[in-house]
Structure formats: C-alpha cells, structure tokens
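Written below as structure tokens is the structure these notes are about.
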Amino acid sequence: TNIIPQNRTNYYNVWCIFTKVASNSPMRRKFQIFTNSLLRFASVDIAFHVISDDDSRDIAAIVIQNVMVNTGKFMKVFYYNVHQLAEQLEDIVSVMSPHFSSKPGTYYSDALFFISLGLHRIAPSYQKLAAMFDADMKFRRDVKDLFEEFNKFGKEALFGLAPELTPVYRHVLYLYRNKHPMTMFGEPRHKGGYPGFNSGMILFNLERLRESRLYNEIVNKDNVKAMTEKYHFKGHLGDQDFYTLLGMERPELIHMVDCGWNRQLCTWWRDRGYADIFANYSECHSEIKLWHGNCNTPIPND
Ligand code: UDP
Ligand code: MN
C-alpha cells in the first residue's frame with residue numbers, strides 16, 4: 001500500500017503568538033476577534049498554529065472552540081510551547097536582542113519578539129508557505145487573498161511585509177540621516193521613501209528560508225552587528241527592526257505587501273513631535289483588508 005498524507009500540503013498555515021494571558025485579560029478578547037474574523041472570511045482550509053504557554057494554551061483552546069461553534073466552520077489547530085521554541089532559537093535571540101530589544105536579557109519575553117526570524121526551523125518541513133499575525137488584528141477579507149501575494153514575490157524574496165505606517169524609523173535613523181541628508185531611508189512612501197516594515201503580519205516562503213545560505217549567514221552575530229553599526233541603528237521593536245534593516249541592505253529578500261494588509265491604527269508618534277508629518281506615513285489609500293490595533297488602539301467595528 002502507498003499511503004502518503006498529501007492532504008496536509010493543501011492547508012493554509014496561519015501562525016499566531018498567544019502567551020502570558022490571564023483569562024480576563026484584554027489579550028483574550030483581541031485573540032477572539034482575530035480568530036473569529038480569520039475563520040469567518042476564510043474560504044480555504046486553515047491549519048492554525050498557536051505559540052503559547054500552558055495557561056494561555058487552555059484559554060486559546062476555549063476561544064477557538066467557541067469561534068468554531070459561532071462561525072460553523074472548522075480549522076485544524078496545533079500548539080507549540082513558547083519555552084521550547086525559545087530554547088530552539090536561542091542563537092538567533094542572543095544575536096538580535098542586544099540591538100533590537102528595549103531591555104535585553106529577559107530570557108523569554110525576548111524570545112517572543114524574535115521567533116519569526118527562525119520560524120523556518122520550527123515549522124514542520126511539510127509547511128512550504130506560512131503567514132504569521134499579531135493577535136491584535138482583525139480580518140476584513142479572506143486570508144486566501146493574502147496568500148495570493150506569494151505569487152508576486154520576486155525570485156529571491158523570502159518574506160513579505162507591509163510598510164510601517166509611523167515615522168518610528170525616521171526617528172531611529174536620526175543620526176544616519178544627518179550624515180546622509182539625501183537618503184530615502186526613513187522617508188515616507190509617497191515620495192519613493194522607505195519607512196521600514198511592520199511585523200504585525202509576516203509572509204514566509206519557508207522552503208526558500210530553509211535552503212537560503214545567504215539568510216542564515218545574515219543572521220549571524222558579526223553581520224547583524226555590522227548592519228546596525230553602518231546605520232547607527234539601536235532599535236526596540238524586535239523582529240521588525242531586523243526586517244527594516246534587511247530591507248535596506250537586501251531589498252530583494254523582502255516583498256513589500258500592500259498597506260491594506262496591515263492597516264496600523266497606533267498614533268503614538270503623532271503626539272511625540274511628529275504631528276506635522278505623521279499623515280505622510282500613516283496614509284494608506286488601499287482597501288483595508290486587515291486591521292492592526294497596535295499600541296492597544298481600538299479597531300473600528302465595520
Ligand atoms: N503577545 C502575546 N503576549 C504578550 C504580548 C504580546 O502573546 O504578553 C503577542 C501577541 O500576538 C501580540 C504580539 O505578540 O499581538 C505583539 O504584541 P502587540 O500586538 O501588543 O504589539 P504592538 O503591535 O502594539 O506593537
Ligand atoms: Mn500588534
């Protein structure tokens with residue numbers, strides 16, 4: 001007999017981190033809205049991969065069960081223990097956190113912010129493509145349409161990310177921009193600038209990542225250090241700081257996804273000295289397909 005579980009390859013792999021959640025915490029409600037909107041609009045089979053700790057996992061299971069009942073739809077669910085993943089990715093975390101963490105050294109809160117950079121080592125090898133989402137997001141469209149973006153990837157693209165919609169990297173690149181007054185790094189998109197990436201939604205070509213010698217060299221200690229020194233870059237936003245630098249050094253490795261697929265709502269930087277230019281960064285004229293209620297911003301109800 002010849003029984004190969006080929007059906008697995010037809011699933012759309014959706015990843016989400018859900019940790020440190022108490023049963024009454026706001027994160028539970030966010031995760032419920034995320035999961036509900038994901039399943040409600042989905043026209044494809046979803047394998048939902050939840051990275052969690054023991055307590056949060058139990059809460060996730062209840063939320064997901066309720067969502068399946070309420071939507072009348074089903075998805076496969078897999079859980080991964082965040083402590084175990086943190087151990088598996090210790091090398092990447094120890095390289096990244098000195099440069100991209102607000103207070104490096106707090107073992108597992110650090111790991112949380114860098115898991116995406118090693119997802120290709122965690123995801124079982126039958127997963128060729130995957131998407132990862134923050135739990136503070138809400139779909140307005142079918143996740144299938146987002147996966148269509150993989151067809152637009154250039155030959156070398158490993159990741160797909162949407163632009164950061166605040167001037168945070170204008171701020172972080174202050175010194176570099178002073179030394180290089182003509183640079184487009186840190187400028188808004190409307191004049192051909194590069195505002196960096198937001199990592200609330202990440203597309204992965206896992207197959208290419210596993211095979212990429214280039215990527216696995218770039219994430220080593222010396223290369224990351226060299227990149228941060230070149231741009232005088234000291235970040236605090238975890239993986240998205242790294243993606244932003246990678247997009248400057250190796251733009252061919254990251255496909256820029258339409259801003260409508262990560263419509264960030266946080267206005268924190270507008271009130272921190274950037275009121276005059278904030279709108280240049282936050283503007284997104286595309287149809288909104290995925291809301292991101294970042295920095296605890298409420299998501300509109302439509
Ligand atoms: N997260 C989590 N537990 C936490 C903090 C964060 O599971 O205690 C996950 C969750 O998926 C969340 C993501 O990490 O959406 C990023 O954090 P958050 O969305 O709050 O950051 P922001 O988008 O506001 O910068
Ligand atoms: Mn978020």
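Data overview
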| read-out | value |
| --- | --- |
| Per-residue ³J(HN,Hα) for segment 239-251, Karplus 6.51 cos²θ - 1.76 cosθ + 1.60, θ = phi - 60°, Hz, x for Gly and Pro | 3, 5, 5, 5, 4, 5, 5, 4, x, 7, 7, 9, x |
| Angle in degrees between helix 26-41 and the longest Cα principal axis of the chain, rounded to the nearest 10 | 70 degrees |
| The chain, dipole about Cα centre (Lys/Arg Cβ +1, Asp/Glu Cβ -1), debye to the nearest 20 | 320 debye |
| Built amide H within the under 5 Å cut-off of Val257, gap 5+ | Leu161, Ala162 |
| Estimated vicinal HN-Hα couplings, Hz - segment 260-271 in sequence order (Karplus 6.51, -1.76, 1.60; Gly, Pro = x) | x, 8, 6, 7, 6, 10, 5, 10, 3, 6, 4, 9 |
| Candidates Asn151, Asn36, Asn198, ranked by Gaussian network fluctuation over the chain, Cα under 10 Å, top entry | Asn151 |
| Folded to 0 to 90 degrees: helix 221-230 orientation relative to the chain principal axis, Cα | 40 degrees |
| The chain: Cys lacking any partner C-beta under 4.7 angstrom | Cys16 |
| Efficiency of FRET between Ala226 and Glu90 - r from beta-carbon atoms, R0 30 angstrom, step 0.05 | 0.90 |
| The chain: angle of helix 54-71 to the longest principal axis, Cα-based, in degrees nearest 10 | 70 degrees |
| Net lengthening on full extension, Val44/Arg250 (0.36 nm per residue, minus Cα-Cα) | 70.9 nm |
| Percent of beta bridges antiparallel (DSSP, the chain, rounded to nearest 5) | 35 percent |
| Cα-centre dipole for segment 1-101 with unit charges at Cβ (Lys and Arg positive, Asp and Glu negative), debye to 20 | 580 debye |
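Taken together, the values in this text are just the output of simple stated rules run on the coordinates, not laboratory data. For clarity, every value in this text was computed on a predicted model and none was experimentally measured. Heads up, the Cβs are rebuilt from the backbone with ideal geometry, glycines too, and the neighbour counts pull from every protein chain shown.
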